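Quick notes on the structure that follows.
Throughout, read-outs are computed from the coordinates displayed, never taken from laboratory work. Every value quoted in this text rests on a predicted model; they were computed, and no experiment measured them. Positions of Cβ are backbone-derived with ideal geometry, glycine not excepted, and every protein chain shown enters the neighbour counts.
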Amino acid sequence: RLVLGIETSCDETGAAVLDEAGEILGESLHSQKEVHLRFGGIIPTVAQQLHRENIERVVQEALERSNVDPSLLSAVATTVKPGLGLSLGIGLEFSQRFVRQHNKPFIPIHHMEAHALTVRMLQPVAFPFLVLLVSGGHSLLAVAQGVDDFLLLGHTLDEAPGDTLDKVARRLSLIKHPQCSTLSGGQAIELLAKDGDRMRFPFRTPMGRTSDCCFSFAGIQNQVKMVIIKQEAEEGIEQGTLLSCVNDIAAATQHTVASHLAKRTHRAILFCKANGLLPLNSPTLVLSGGVASNQYIRKVLTIITEATGLHLLCPPPKFCTDNGVMIAWNGVERLREGKGILPPDVDVCYEPKARLGVDMTAEVK
Ligand code: ATP
Ligand code: MG
Ligand code: FE
């Protein structure tokens, strides 16, 4: 059985064809990253237009590379939530037309479920497992208990870690640094932090007194911006031209984001252990989302998992960021279990906001 997966929830247009074993037969990905870097952030109407211009070609390419005729597909799986409404709409509209034209079942996909399950395409990982998803739009901790069965333990109360890193990078105009001109904010900060002193600016880690495992990154962003303003004033230079201590600021920002993620994850692990939510035999933490590509953050999380006896699994960067493969894989998992498969003529709506699983955030103490 073959599944075509389609992703357009944010700023990548992705498509892939997978077989039932999770073998990638063909894929195609168009990233809008460079356009949005130039605009200094994602403008939804621009994202929508770029999806519209690329969706047909991307899907065609994935099918051609896999040498699969649409008539051979068992189903089409497409991200319908959560994400930018204008972006989701393009993928959904295309998919509904496609499944009707070829008379194929349709599988609507939750983008964060797909991020959480991708690891199972790469290696055998049994349910239940704990998952930390960190990206440009999300920060959440959940227990994955089944293909469509998640317990949400924590989520961000304001912004996401990738967004914070992107904003700090923009405030520092890192795009003007020769080594960083094509890097996302998070990548630029990781690179510059390698030569920085993370202790030079001791930023406070948020939520030290709350005992749940939700996240907050707005305070970190604020502290970093205050330091940047102070440094610019001391040196009497224009906004966004700081050079003297960008490495130290990058290192301190990355370190503070990493410690916050680690502290909240530690709480989640203790909660899971106290409530028997994870298997006693080789419990696992899966780390994914764009920010999971960060080697420093991975290393800090390893300290937590080693101290608590968990096994840390993190897909390679290519599978941590948005792509069509993870959507197709979620389709494969659903097809195997016969869950959430719709006939082609059912009208489906996209949902910009959609919580992952059952909300347990108030129970975590
Ligand atoms: P969503 O939250 O809906 O999944 P997204 O498109 O923002 O959407 P991703 O594509 O998974 O998420 O990730 C992009 C984010 O990851 C950006 O904010 C980027 O700065 C961050 N990022 C990418 N590489 C790194 C890195 N090496 N270190 C830190 N952050 C990174
Ligand atoms: Mg993206
Ligand atoms: Fe994503």
Checklist entry - What is the Rg over Rh value, at two decimals, for the chain, using alpha-carbon atoms and the Kirkwood definition of Rh? => result 0.99
Checklist entry - Rounded, prolate or oblate: which fits the range 87-171, taking a ≥ b ≥ c as square roots of the Cα gyration tensor eigenvalues, rounded meaning a/c under 1.5, else prolate when a/b beats b/c? => result oblate
Item to check | Top positive-direction residue, dipole computed over the range 264-355 with Cβ charges, set GLY324, LEU301, LEU313 | outcome: LEU301
Item to check | Rounded to 5, percent antiparallel among DSSP beta bridges of the chain | outcome: 60
Checklist entry - Over the Cα atoms of the range 1-149, Rg to Rh with Kirkwood Rh, two decimal places? => result 0.97
Checklist entry - Could you give me the ³J(HN,Hα) list for the range 205-219, computed from phi with Karplus coefficients 6.51, -1.76, 1.60 and θ = phi - 60°, whole Hz, x at Gly and Pro? => result 7, x, 6, x, 9, 8, 9, 8, 10, 7, 10, 8, 10, 4, x
Next on the checklist: How big is the dipole moment of the range 45-106 about its Cα centre under a simple scheme where the beta carbon of each Lys and Arg is +1, that of each Asp and Glu is -1, and everything else is neutral? Debye, nearest 20, please.
Outcome noted: 200
Checklist entry - So what J values fall out for the range 341-348 if you push phi through Karplus, 6.51 cos²θ - 1.76 cosθ + 1.60 with θ = phi - 60°, rounded to Hz, Gly and Pro as x? => result 9, 10, x, x, 8, 6, 7, 10
Checklist entry - Listed highest first by mean packing, meaning other Cβ atoms within 10 Å per residue, what order do 59-71, 233-245 come in? => result 59-71, 233-245
Checklist entry - Which far-off residues, 5 or more places away or on another chain, put their amide H under 5 Å from the one on THR156, with H placed in the peptide plane? => result SER139, PHE215
Next on the checklist: Tell me the net charge near LEU243. Cut-off is 11 Å between Cβ atoms, LEU243 excluded, with +1 for each Lys or Arg and -1 for each Asp or Glu.
Outcome noted: -1
Item to check | ³J(HN,Hα), Karplus 6.51/-1.76/1.60, whole Hz, each residue of the range 249-260, x for Gly, Pro | outcome: 5, 4, 5, 5, 5, 4, 5, 5, 4, 4, 5, 4
Checklist entry - Which value in deg cm²/dmol, rounded to the nearest 500, describes the helix-derived mean residue ellipticity at 222 nm for the chain, given -39,500 (n - 2.57) per DSSP H run of n ≥ 4 and division by the residue count? => result -14000 deg cm²/dmol
Checklist entry - How large, in Å, is the range 217-365 by the Kirkwood hydrodynamic radius built from its alpha-carbon pairs? => result 19.3
Item to check | Relative contact order computed over the range 231-328 (Cα-Cα under 8 Å; 6+ residues apart), in percent | outcome: 27
Checklist entry - For the range 40-99, how big is the tail of P(r) above 13 Å, as a whole percent of Cα pairs? => result 65
Item to check | Ranked MET112, MET360, criterion: other C-beta atoms within 10 Å, fewest first | outcome: MET360, MET112
Next on the checklist: Positive end of the dipole of the range 187-310, charges at C-beta (+1 Lys, Arg; -1 Asp, Glu), about the Cα centre: which of SER259, GLY290, ALA274 has its Cα farthest in that direction?
Outcome noted: ALA274
Next on the checklist: Could you tell me how far the Cα centroid of the range 173-248 sits from the Cα centroid of the range 121-151, in Å?
Outcome noted: 29
Item to check | Sequence-separation-based contact order of the range 1-143, relative, with Cα cut under 8 Å and 6+ spacing, percent | outcome: 24
